[in-house]
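Below: one structure, written as structure tokens.
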Amino acid sequence: MRDTAVKTLRENGQLEAKRAKGGVPESVWETYSAFANTNGGLIILGAEESPEGEVEYVGVPNPEQLVKKFWDGVHNPSKVSANILTDDSITIEAINDCDIIRIQVPRANRHLKPIYIGSNREKGTYRRDGEGDYRCSSEEIIAMIRDNGISYYCNMASPYYLDEEALKYI
């Protein structure tokens, strides 16, 4: 075991380690969506899970540039449906001579759910279960919409715009 391992940290329902040596990993957006739609969590860029399940810090080159690219992504509506982060949600830290990036993703306000990636809510909504990010089913997405207190269909100008699938849930 390298001295950069943290024996007490393991990936779980609220912690995800991402190596991020080549830039912002695409999988970070699934984790962002999953954490936002469940109980929130911490993404560490510049860390990876060892075969023993321990989180090891490996560092990232140019952390400031990586943070900028992450902010660009989270503010891009074609990347994610909503930015729920604040300025203090992302920090750069030096641990064992490694620069890492900590991204604290809060649980999204119910009025903003579901948080999804890309432009397709059906294919881009994730939830966190254990150590994994899983695509939400149609039923889970509908439940989030129902529970957000704002009817998705109330903004429609006319009931003629509702398809048969939508009418099932009204």
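Counting only other residues whose beta carbon sits under 10 Å from that of Asp133, what net charge do I get with K and R as +1, D and E as -1?
Net local charge, Asp133 excluded: -1.
Among rounded, prolate and oblate, which fits the range 34-73 when a ≥ b ≥ c are the square roots of the eigenvalues of its C-alpha gyration tensor, a/c under 1.5 means rounded, and a/b larger than b/c means prolate?
Since a/c reaches 1.5 but b/c is at least a/b, the shape of the range 34-73 is classed as oblate.
Taking H placed 1.01 Å from N in the peptide plane, check which residues at least 5 places from Arg19 or on another chain put their amide H under 5 Å from its amide H.
Gly46, Ala47
Provide the net charge surrounding Asp147, with neighbours chosen by a C-beta distance below 10 Å and charges set as Lys +1, Arg +1, Asp -1, Glu -1.
Net charge around Asp147: +3.
I'd like the Karplus ³J(HN,Hα) series for the range 104-121: coefficients 6.51, -1.76, 1.60, θ = phi - 60°, whole numbers in Hz, and an x wherever there's a Gly or Pro.
Coupling constants for the range 104-121: 8, 9, x, 5, 5, 4, 4, 6, 9, 6, x, 8, 9, 9, x, 9, 10, 4 Hz.
So who's got an amide H within less than 5 Å of the one on Asp99, skipping anything under 5 residues away but keeping other chains? H placed 1.01 Å off N, in plane.
Those qualifying (amide H under 5 Å, at least 5 residues apart or on another chain) are Val60.
Each reported figure results from applying straightforward, stated rules to the coordinates on display, with no laboratory input. Note that this is a predicted model, so its numbers are computed, not measured. Cβ atoms come from the backbone with ideal geometry, glycine included; neighbour counts cover every protein chain shown.
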